[in-house]
Amino acid sequence: MSTIAREFTKGLWDEIPLFRIVLGLCPALAVTTTMENGLGMGVAATFVLVGSNGLVSMLRKIIPNEVRVACYIVIIATFVVCVEMITKAYFFALSESLGIFIPLIVVNCIILGRAEAFARKNTIVKSLADGLGMGIGFTLALMLLAGIRELFGAGKLTLLFGDTILIQHPFGFLQQAPGAFLALGLLLGLMNVINNKIRG
Amino acid sequence: MNKYVKMIIALSLIALISGILLGGLNELTKETIENNVLKFKKIPAAAHIFEIVSGKLSPEERVTVEENLLSNKRSFELEENKKVTFFVVQKEGQPYAATIESFGKGFGGDLGVMTGFHLQTGEIVGIGITTLSETPGLGSRVTEMEFSKQFSSLGKDSKIMVKKDGGEIDAITGATISSRAVCAAIANAQAVWEKHHEKIVQASQ
(Lines give C-alpha, C1' and ligand atoms only; values in the text may rest on other atoms or scores of the structure.)
Protein backbone atom coordinates (compact mmCIF):
# COMPACT_ATOMS: atom_id res chain seq x y z
CA MET A 1 0.00 0.00 0.00
CA SER A 2 1.37 3.39 -0.91
CA THR A 3 2.15 5.81 1.92
CA ILE A 4 -0.57 8.25 0.89
CA ALA A 5 -3.25 5.58 0.97
CA ARG A 6 -1.93 4.49 4.37
CA GLU A 7 -2.12 8.03 5.75
CA PHE A 8 -5.72 8.13 4.56
CA THR A 9 -6.89 4.76 5.88
CA LYS A 10 -5.29 4.99 9.32
CA GLY A 11 -7.91 7.58 10.29
CA LEU A 12 -10.68 5.14 9.50
CA TRP A 13 -9.68 2.36 11.90
CA ASP A 14 -6.21 2.25 13.46
CA GLU A 15 -6.31 5.83 14.67
CA ILE A 16 -10.02 6.65 14.34
CA PRO A 17 -10.30 9.93 16.30
CA LEU A 18 -13.18 9.26 18.66
CA PHE A 19 -12.57 5.63 19.54
CA ARG A 20 -8.82 5.09 19.35
CA ILE A 21 -7.14 8.41 20.05
CA VAL A 22 -10.19 9.52 22.10
CA LEU A 23 -9.97 13.18 21.12
CA GLY A 24 -12.76 15.58 20.24
CA LEU A 25 -15.12 14.29 22.89
CA CYS A 26 -16.83 17.61 23.65
CA PRO A 27 -18.73 17.90 20.33
CA ALA A 28 -19.06 14.11 20.22
CA LEU A 29 -21.04 14.06 23.44
CA ALA A 30 -22.93 17.29 22.89
CA VAL A 31 -24.28 17.18 19.35
CA THR A 32 -24.83 13.48 18.77
CA THR A 33 -28.53 13.51 19.61
CA THR A 34 -29.53 12.94 15.98
CA MET A 35 -27.67 11.37 13.09
CA GLU A 36 -28.20 14.50 11.05
CA ASN A 37 -26.37 16.62 13.64
CA GLY A 38 -23.58 14.05 13.78
CA LEU A 39 -23.16 14.18 10.01
CA GLY A 40 -23.25 17.99 9.97
CA MET A 41 -20.69 18.29 12.73
CA GLY A 42 -18.48 15.67 11.07
CA VAL A 43 -18.54 17.37 7.68
CA ALA A 44 -17.81 20.77 9.26
CA ALA A 45 -14.87 19.35 11.22
CA THR A 46 -13.58 17.49 8.14
CA PHE A 47 -13.59 20.68 6.09
CA VAL A 48 -11.62 22.51 8.78
CA LEU A 49 -9.26 19.59 9.29
CA VAL A 50 -8.41 19.20 5.58
CA GLY A 51 -8.03 22.95 5.12
CA SER A 52 -5.87 23.54 8.16
CA ASN A 53 -3.73 20.45 7.55
CA GLY A 54 -3.08 21.53 3.96
CA LEU A 55 -2.27 25.11 4.87
CA VAL A 56 -0.11 24.26 7.87
CA SER A 57 1.85 21.82 5.74
CA MET A 58 2.22 24.38 2.94
CA LEU A 59 3.51 27.03 5.34
CA ARG A 60 5.57 24.65 7.46
CA LYS A 61 8.89 26.11 6.30
CA ILE A 62 7.75 29.72 6.72
CA ILE A 63 6.13 29.58 10.15
CA PRO A 64 8.76 30.23 12.87
CA ASN A 65 8.89 27.44 15.41
CA GLU A 66 8.33 29.72 18.43
CA VAL A 67 4.97 31.11 17.27
CA ARG A 68 3.72 28.03 15.44
CA VAL A 69 0.77 27.28 17.73
CA ALA A 70 -0.48 30.86 17.46
CA CYS A 71 -0.23 30.61 13.67
CA TYR A 72 -2.07 27.27 13.63
CA ILE A 73 -4.88 28.68 15.75
CA VAL A 74 -5.31 31.67 13.41
CA ILE A 75 -5.44 29.33 10.43
CA ILE A 76 -7.90 26.97 12.13
CA ALA A 77 -10.08 29.83 13.35
CA THR A 78 -10.23 31.24 9.81
CA PHE A 79 -11.58 27.98 8.45
CA VAL A 80 -14.03 27.64 11.33
CA VAL A 81 -15.48 31.11 10.76
CA CYS A 82 -15.83 30.23 7.06
CA VAL A 83 -17.78 27.11 8.01
CA GLU A 84 -19.91 29.09 10.42
CA MET A 85 -20.87 31.67 7.79
CA ILE A 86 -21.55 29.04 5.15
CA THR A 87 -23.78 26.92 7.39
CA LYS A 88 -25.67 30.02 8.54
CA ALA A 89 -26.20 31.10 4.96
CA TYR A 90 -27.04 27.78 3.31
CA PHE A 91 -27.88 25.25 6.06
CA PHE A 92 -29.70 27.45 8.54
CA ALA A 93 -31.58 24.68 10.37
CA LEU A 94 -28.33 22.76 10.91
CA SER A 95 -26.54 25.84 12.22
CA GLU A 96 -29.43 26.37 14.64
CA SER A 97 -29.23 22.85 16.02
CA LEU A 98 -25.42 22.77 16.26
CA GLY A 99 -25.36 26.26 17.75
CA ILE A 100 -22.25 27.09 19.76
CA PHE A 101 -20.51 23.84 18.78
CA ILE A 102 -19.61 25.15 15.32
CA PRO A 103 -17.45 28.03 16.66
CA LEU A 104 -16.08 25.60 19.23
CA ILE A 105 -14.44 23.53 16.46
CA VAL A 106 -11.56 26.02 16.89
CA VAL A 107 -10.63 24.30 20.14
CA ASN A 108 -11.30 20.78 18.93
CA CYS A 109 -8.16 18.84 19.93
CA ILE A 110 -8.17 16.66 16.81
CA ILE A 111 -7.57 19.60 14.51
CA LEU A 112 -4.73 21.26 16.43
CA GLY A 113 -3.43 17.79 17.21
CA ARG A 114 -3.15 16.82 13.54
CA ALA A 115 -1.52 20.16 12.67
CA GLU A 116 1.05 19.77 15.46
CA ALA A 117 1.66 16.03 15.22
CA PHE A 118 1.42 15.49 11.49
CA ALA A 119 1.02 18.39 9.07
CA ARG A 120 4.03 20.38 10.25
CA LYS A 121 6.38 17.49 9.50
CA ASN A 122 4.88 16.11 6.29
CA THR A 123 4.27 17.07 2.67
CA ILE A 124 1.05 18.73 1.51
CA VAL A 125 -0.39 15.65 -0.23
CA LYS A 126 0.26 13.43 2.78
CA SER A 127 -1.21 16.02 5.14
CA LEU A 128 -4.34 16.37 3.02
CA ALA A 129 -4.75 12.58 2.98
CA ASP A 130 -4.27 12.47 6.74
CA GLY A 131 -6.80 15.28 7.29
CA LEU A 132 -9.37 13.69 4.99
CA GLY A 133 -8.97 10.25 6.58
CA MET A 134 -9.18 11.60 10.11
CA GLY A 135 -12.15 13.77 9.17
CA ILE A 136 -14.08 10.92 7.59
CA GLY A 137 -13.22 8.68 10.55
CA PHE A 138 -14.49 11.35 12.93
CA THR A 139 -17.68 11.74 10.89
CA LEU A 140 -18.32 7.98 10.84
CA ALA A 141 -17.69 7.74 14.59
CA LEU A 142 -20.06 10.65 15.28
CA MET A 143 -22.73 9.17 13.04
CA LEU A 144 -22.45 5.76 14.70
CA LEU A 145 -22.72 7.26 18.18
CA ALA A 146 -25.52 9.59 17.09
CA GLY A 147 -27.32 6.78 15.31
CA ILE A 148 -27.32 4.61 18.42
CA ARG A 149 -28.47 7.48 20.61
CA GLU A 150 -31.21 8.53 18.20
CA LEU A 151 -32.46 5.03 17.49
CA PHE A 152 -32.61 3.85 21.09
CA GLY A 153 -33.16 7.26 22.68
CA ALA A 154 -35.78 8.80 20.42
CA GLY A 155 -36.94 5.67 18.60
CA LYS A 156 -36.30 6.94 15.07
CA LEU A 157 -33.59 7.71 12.53
CA THR A 158 -34.65 10.92 10.83
CA LEU A 159 -31.75 10.95 8.38
CA LEU A 160 -32.57 7.51 6.93
CA PHE A 161 -36.24 6.84 7.62
CA GLY A 162 -37.83 10.26 8.12
CA ASP A 163 -40.31 10.48 10.96
CA THR A 164 -41.15 6.77 11.05
CA ILE A 165 -41.13 5.43 14.60
CA LEU A 166 -38.82 2.42 14.67
CA ILE A 167 -38.88 1.63 18.38
CA GLN A 168 -42.06 2.03 20.37
CA HIS A 169 -40.69 2.71 23.85
CA PRO A 170 -37.23 4.31 23.56
CA PHE A 171 -34.92 4.95 26.52
CA GLY A 172 -35.23 8.72 26.68
CA PHE A 173 -32.18 9.12 28.86
CA LEU A 174 -29.88 8.15 25.96
CA GLN A 175 -30.71 11.57 24.52
CA GLN A 176 -29.34 13.27 27.64
CA ALA A 177 -25.68 13.82 28.51
CA PRO A 178 -25.33 10.75 30.79
CA GLY A 179 -26.70 8.59 27.97
CA ALA A 180 -24.01 10.01 25.68
CA PHE A 181 -21.27 8.94 28.11
CA LEU A 182 -22.78 5.49 28.46
CA ALA A 183 -23.15 4.93 24.72
CA LEU A 184 -19.63 6.20 24.05
CA GLY A 185 -18.19 3.97 26.80
CA LEU A 186 -19.91 0.89 25.39
CA LEU A 187 -18.67 1.68 21.88
CA LEU A 188 -15.11 2.19 23.16
CA GLY A 189 -15.25 -1.18 24.90
CA LEU A 190 -16.63 -2.85 21.79
CA MET A 191 -13.87 -1.33 19.65
CA ASN A 192 -11.24 -2.67 22.05
CA VAL A 193 -12.73 -6.16 21.99
CA ILE A 194 -12.79 -6.22 18.18
CA ASN A 195 -9.27 -4.83 18.00
CA ASN A 196 -7.94 -7.47 20.40
CA LYS A 197 -9.62 -10.20 18.35
CA ILE A 198 -7.99 -8.93 15.14
CA ARG A 199 -4.55 -8.68 16.69
CA GLY A 200 -4.99 -12.18 18.14
CA MET B 1 16.50 40.63 16.84
CA ASN B 2 16.20 39.08 13.42
CA LYS B 3 14.33 36.12 14.90
CA TYR B 4 11.69 38.33 16.51
CA VAL B 5 11.14 40.35 13.35
CA LYS B 6 10.58 37.11 11.47
CA MET B 7 8.03 35.93 14.01
CA ILE B 8 6.12 39.19 13.95
CA ILE B 9 6.08 39.29 10.15
CA ALA B 10 4.90 35.68 9.81
CA LEU B 11 2.12 36.02 12.35
CA SER B 12 0.97 39.41 11.02
CA LEU B 13 0.91 38.14 7.45
CA ILE B 14 -1.19 35.12 8.37
CA ALA B 15 -3.59 37.29 10.38
CA LEU B 16 -3.83 39.82 7.55
CA ILE B 17 -4.65 37.22 4.91
CA SER B 18 -7.17 35.61 7.24
CA GLY B 19 -8.79 38.98 7.88
CA ILE B 20 -9.10 39.79 4.19
CA LEU B 21 -10.55 36.37 3.40
CA LEU B 22 -13.13 36.48 6.17
CA GLY B 23 -14.09 40.05 5.37
CA GLY B 24 -14.76 39.02 1.78
CA LEU B 25 -16.77 35.96 2.76
CA ASN B 26 -18.77 38.03 5.23
CA GLU B 27 -19.75 40.42 2.44
CA LEU B 28 -20.79 37.48 0.28
CA THR B 29 -22.94 35.72 2.87
CA LYS B 30 -24.28 38.67 4.89
CA GLU B 31 -27.43 39.16 2.89
CA THR B 32 -28.35 35.47 2.77
CA ILE B 33 -27.82 35.14 6.52
CA GLU B 34 -30.00 38.18 7.24
CA ASN B 35 -32.73 36.77 5.01
CA ASN B 36 -32.52 33.43 6.82
CA VAL B 37 -32.83 35.06 10.23
CA LEU B 38 -35.78 37.05 8.95
CA LYS B 39 -37.50 34.06 7.41
CA PHE B 40 -36.92 31.41 10.07
CA LYS B 41 -36.90 33.44 13.28
CA LYS B 42 -38.48 36.87 13.09
CA ILE B 43 -41.38 36.11 10.77
CA PRO B 44 -42.58 33.00 12.69
CA ALA B 45 -42.52 35.02 15.92
CA ALA B 46 -44.54 37.80 14.28
CA ALA B 47 -46.94 35.16 12.90
CA HIS B 48 -47.36 33.87 16.44
CA ILE B 49 -48.49 37.35 17.51
CA PHE B 50 -50.87 37.37 14.54
CA GLU B 51 -52.35 34.11 15.85
CA ILE B 52 -52.86 35.68 19.28
CA VAL B 53 -54.67 38.60 17.66
CA SER B 54 -56.80 36.74 15.11
CA GLY B 55 -56.95 33.13 16.24
CA LYS B 56 -55.25 29.88 15.27
CA LEU B 57 -53.97 29.48 11.71
CA SER B 58 -53.97 26.41 9.50
CA PRO B 59 -50.63 25.58 7.83
CA GLU B 60 -51.82 27.04 4.51
CA GLU B 61 -53.08 30.22 6.13
CA ARG B 62 -49.78 30.53 7.97
CA VAL B 63 -47.88 30.64 4.65
CA THR B 64 -49.99 33.53 3.38
CA VAL B 65 -49.75 35.36 6.69
CA GLU B 66 -45.98 34.98 6.76
CA GLU B 67 -45.71 36.29 3.20
CA ASN B 68 -47.96 39.17 4.12
CA LEU B 69 -45.85 39.99 7.18
CA LEU B 70 -42.69 39.93 5.10
CA SER B 71 -44.17 42.46 2.71
CA ASN B 72 -45.29 44.56 5.69
CA LYS B 73 -41.74 44.91 6.97
CA ARG B 74 -41.03 48.52 7.98
CA SER B 75 -38.09 50.23 9.52
CA PHE B 76 -37.21 53.55 11.10
CA GLU B 77 -34.00 55.11 12.27
CA LEU B 78 -33.50 54.81 15.99
CA GLU B 79 -30.46 57.01 15.94
CA GLU B 80 -27.89 57.69 13.28
CA ASN B 81 -27.02 54.54 11.29
CA LYS B 82 -29.04 52.31 13.61
CA LYS B 83 -32.18 51.01 12.02
CA VAL B 84 -34.96 49.20 13.79
CA THR B 85 -36.99 46.80 11.69
CA PHE B 86 -40.53 45.99 12.69
CA PHE B 87 -43.51 44.17 11.28
CA VAL B 88 -47.09 45.28 11.02
CA VAL B 89 -49.64 42.72 12.17
CA GLN B 90 -53.05 43.21 10.58
CA LYS B 91 -56.48 42.45 11.88
CA GLU B 92 -59.29 42.21 9.33
CA GLY B 93 -57.04 43.82 6.74
CA GLN B 94 -56.28 46.90 8.85
CA PRO B 95 -52.94 47.61 10.55
CA TYR B 96 -53.48 46.54 14.15
CA ALA B 97 -50.15 46.12 15.94
CA ALA B 98 -46.46 46.74 15.43
CA THR B 99 -43.92 44.16 16.54
CA ILE B 100 -40.46 45.06 17.81
CA GLU B 101 -37.69 42.59 18.48
CA SER B 102 -35.47 43.03 21.53
CA PHE B 103 -33.06 40.95 23.58
CA GLY B 104 -32.48 39.93 27.17
CA LYS B 105 -29.66 38.02 28.78
CA GLY B 106 -30.82 34.44 29.23
CA PHE B 107 -29.23 31.39 30.82
CA GLY B 108 -27.76 30.17 27.54
CA GLY B 109 -27.02 33.47 25.79
CA ASP B 110 -29.17 36.14 24.21
CA LEU B 111 -32.88 35.56 24.33
CA GLY B 112 -34.79 37.35 21.57
CA VAL B 113 -38.40 38.38 22.01
CA MET B 114 -40.80 39.87 19.48
CA THR B 115 -43.29 42.13 21.25
CA GLY B 116 -46.47 43.32 19.57
CA PHE B 117 -47.83 46.76 20.53
CA HIS B 118 -51.39 47.86 19.79
CA LEU B 119 -51.12 50.79 17.39
CA GLN B 120 -53.78 52.91 19.13
CA THR B 121 -53.52 52.08 22.81
CA GLY B 122 -49.86 51.03 22.99
CA GLU B 123 -50.80 47.98 25.04
CA ILE B 124 -48.92 44.75 24.48
CA VAL B 125 -51.05 42.41 22.36
CA GLY B 126 -48.74 39.41 22.59
CA ILE B 127 -45.18 38.16 22.41
CA GLY B 128 -43.28 35.61 20.37
CA ILE B 129 -39.82 34.18 21.01
CA THR B 130 -37.25 34.57 18.20
CA THR B 131 -33.90 33.25 19.52
CA LEU B 132 -33.69 30.87 22.41
CA SER B 133 -30.90 28.72 23.77
CA GLU B 134 -32.28 28.00 27.24
CA THR B 135 -32.23 24.65 29.03
CA PRO B 136 -34.73 22.26 27.40
CA GLY B 137 -37.67 21.56 29.69
CA LEU B 138 -36.91 24.47 32.03
CA GLY B 139 -36.00 27.81 30.46
CA SER B 140 -37.31 26.74 27.07
CA ARG B 141 -40.81 26.76 28.60
CA VAL B 142 -40.93 30.56 28.16
CA THR B 143 -42.39 29.77 24.74
CA GLU B 144 -45.49 28.24 26.33
CA MET B 145 -48.78 30.09 26.19
CA GLU B 146 -49.25 29.73 29.93
CA PHE B 147 -46.27 32.03 30.46
CA SER B 148 -46.46 34.33 27.46
CA LYS B 149 -50.14 35.21 27.80
CA GLN B 150 -49.33 37.03 31.05
CA PHE B 151 -47.87 39.87 29.00
CA SER B 152 -51.02 40.49 26.96
CA SER B 153 -52.74 43.83 27.58
CA LEU B 154 -49.97 45.16 29.82
CA GLY B 155 -49.50 48.88 29.31
CA LYS B 156 -46.77 51.38 30.03
CA ASP B 157 -47.73 51.63 33.73
CA SER B 158 -47.31 47.88 34.30
CA LYS B 159 -44.27 46.56 36.06
CA ILE B 160 -42.82 44.09 33.60
CA MET B 161 -40.74 42.11 36.06
CA VAL B 162 -41.05 38.77 37.75
CA LYS B 163 -42.87 38.76 41.10
CA LYS B 164 -39.61 38.04 42.93
CA ASP B 165 -38.29 41.40 41.72
CA GLY B 166 -41.49 43.26 42.60
CA GLY B 167 -43.24 42.97 39.23
CA GLU B 168 -46.43 41.22 38.20
CA ILE B 169 -45.21 38.28 36.11
CA ASP B 170 -45.25 34.72 37.44
CA ALA B 171 -41.82 33.27 36.67
CA ILE B 172 -41.49 29.71 35.42
CA THR B 173 -40.54 27.37 38.24
CA GLY B 174 -36.82 26.62 38.08
CA ALA B 175 -36.25 29.15 35.32
CA THR B 176 -36.11 32.54 37.01
CA ILE B 177 -33.19 33.70 34.86
CA SER B 178 -34.98 32.88 31.62
CA SER B 179 -38.19 34.50 32.87
CA ARG B 180 -36.25 37.60 33.87
CA ALA B 181 -34.58 37.71 30.45
CA VAL B 182 -37.98 37.73 28.74
CA CYS B 183 -39.20 40.52 31.04
CA ALA B 184 -36.05 42.56 30.44
CA ALA B 185 -36.36 42.14 26.67
CA ILE B 186 -40.01 43.23 26.73
CA ALA B 187 -39.19 46.20 28.93
CA ASN B 188 -36.54 47.21 26.37
CA ALA B 189 -39.03 46.92 23.52
CA GLN B 190 -41.50 48.97 25.54
CA ALA B 191 -38.90 51.70 26.06
CA VAL B 192 -38.32 51.83 22.30
CA TRP B 193 -42.08 51.94 21.70
CA GLU B 194 -42.66 54.71 24.26
CA LYS B 195 -39.91 56.82 22.75
CA HIS B 196 -40.72 56.32 19.09
CA HIS B 197 -44.36 55.26 18.88
CA GLU B 198 -45.34 58.26 16.80
CA LYS B 199 -42.81 57.33 14.15
CA ILE B 200 -43.88 53.68 14.31
CA VAL B 201 -47.60 54.45 13.98
CA GLN B 202 -46.88 56.74 11.08
CA ALA B 203 -44.75 54.15 9.29
CA SER B 204 -47.38 51.43 9.88
CA GLN B 205 -50.14 53.06 7.84
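Are any residues in region A:173-196 assigned to a helix (DSSP H, G or I), over 20 Å from A:ILE21 (Cβ atoms) and free of Cβ contacts under 8 Å to residues at least 40 places away in the same chain, and if so, which ones? Selection gives A:PHE173, A:LEU174, A:PRO178, A:GLY179, A:LEU182.
Looking for whichever is more than 17 Å from the chain's Cα centre (by Cα) and either open to solvent by 30 Å² or more (accessible area, probe 1.4 Å) or of a type outside the set (Gly, Ala, Ser) (or both) here; the options are B:GLU60, B:GLU134, B:GLU101. Which one fits?
Values: B:GLU134 fails: more than 17 Å from the chain's Cα centre (by Cα); B:GLU101 fails: more than 17 Å from the chain's Cα centre (by Cα).
When all the criteria are applied, what remains is B:GLU60.
Within region B:159-199, track down each residue that is among the aliphatic types (A, V, I, L, M) and open to solvent by 70 Å² or more (accessible area, probe 1.4 Å). Before the answer, list the steps.
Restricting attention to region B:159-199, the residues satisfying the condition of being among the aliphatic types (A, V, I, L, M) are B:160-162, B:169, B:171-172, B:175, B:177, B:181-182, B:184-187, B:189, B:191-192.
Residues satisfying the conditions are B:MET161, B:ILE177.
Against the numbered list (1) open to solvent by 10 Å² or more (accessible area, probe 1.4 Å); (2) in contact (Cβ under 8 Å) with a residue 24 or more places away in the chain; (3) under 16 Å from the mean Cα position of the chain (by Cα), A:VAL125 comes up short only at (3).
Looking across region B:91-133 at every residue that is without any contact (Cβ under 8 Å) to a residue 40 or more places away in the chain and assigned to a strand (DSSP E or B), the one that is farthest from B:HIS196 (Cα to Cα) is identified as B:GLY109. When you look at B:ILE8, is it modelled with pLDDT of 90 or more, loosely packed, with under 14 Cβ neighbours inside 10 Å, outside any loop (DSSP other than H, G, I, E, B) and within 10 Å of chain A (Cβ to nearest Cβ), yes or no? Yes, satisfied.
In this structure, does B:GLU77 turn out to be open to solvent by 90 Å² or more (accessible area, probe 1.4 Å) and within 13 Å of chain A (Cβ to nearest Cβ)? Steps first, answer last, please.
Numbers: open to solvent by 90 Å² or more (accessible area, probe 1.4 Å): yes; within 13 Å of chain A (Cβ to nearest Cβ): no.
Spelling it out, it is not the case that B:GLU77 is open to solvent by 90 Å² or more (accessible area, probe 1.4 Å) and within 13 Å of chain A (Cβ to nearest Cβ).
Name the residue that is modelled with the highest pLDDT, counting only residues in region A:167-181 that are within 22 Å of the chain's Cα centre (by Cα) and open to solvent by 10 Å² or more (accessible area, probe 1.4 Å). Checking each candidate, the answer is A:PHE181. Count of region A:75-105 residues, restricted to those that are among the hydrophobic types (A, V, I, L, M, F, W, C), open to solvent by 50 Å² or more (accessible area, probe 1.4 Å) and within 9 Å of chain B (Cβ to nearest Cβ), is 3. Taking the stated definitions as given, is B:GLY112 more than 20 Å from B:GLN90 (Cα to Cα), within 14 Å of another protein chain (Cβ to nearest Cβ) and within 13 Å of the chain's Cα centre (by Cα)? Answer is yes for this residue. Of all residues in region B:15-36 being facing chain A (nearest Cβ under 8 Å) and more than 15 Å from A:VAL81 (Cα to Cα), which is most open to solvent (accessible area, probe 1.4 Å)? If we take residues in region B:15-36 being facing chain A (nearest Cβ under 8 Å) and more than 15 Å from A:VAL81 (Cα to Cα), then B:THR32 is most open to solvent (accessible area, probe 1.4 Å). Residue count for region A:141-166, restricted to those that are surrounded by 13 or more Cβ atoms within 10 Å (Cβ to Cβ) and more than 23 Å from the chain's Cα centre (by Cα): 2. Can you find a residue that is closer than 18 Å to A:LEU98 by Cβ, within 14 Å of chain B (Cβ to nearest Cβ), over 16 Å from the mean Cα position of the chain (by Cα) and open to solvent by 60 Å² or more (accessible area, probe 1.4 Å) anywhere in region A:51-74? For region A:51-74, residues closer than 18 Å to A:LEU98 by Cβ, within 14 Å of chain B (Cβ to nearest Cβ), over 16 Å from the mean Cα position of the chain (by Cα) and open to solvent by 60 Å² or more (accessible area, probe 1.4 Å): absent.
The values are calculated or read from the model by the stated rules, or taken from the named source; none is laboratory data. None of these values were measured; they are calculated from a predicted model. Using ideal geometry, Cβ is built from the backbone for each residue, glycine included, and neighbour counts are taken over all protein chains shown. Just so you know, the surface numbers come from the protein's heavy atoms only, side chains and all, with ligands and any DNA or RNA stripped out. Shrake-Rupley method; radii C 1.70, N 1.55, O 1.52, S 1.80 Å.
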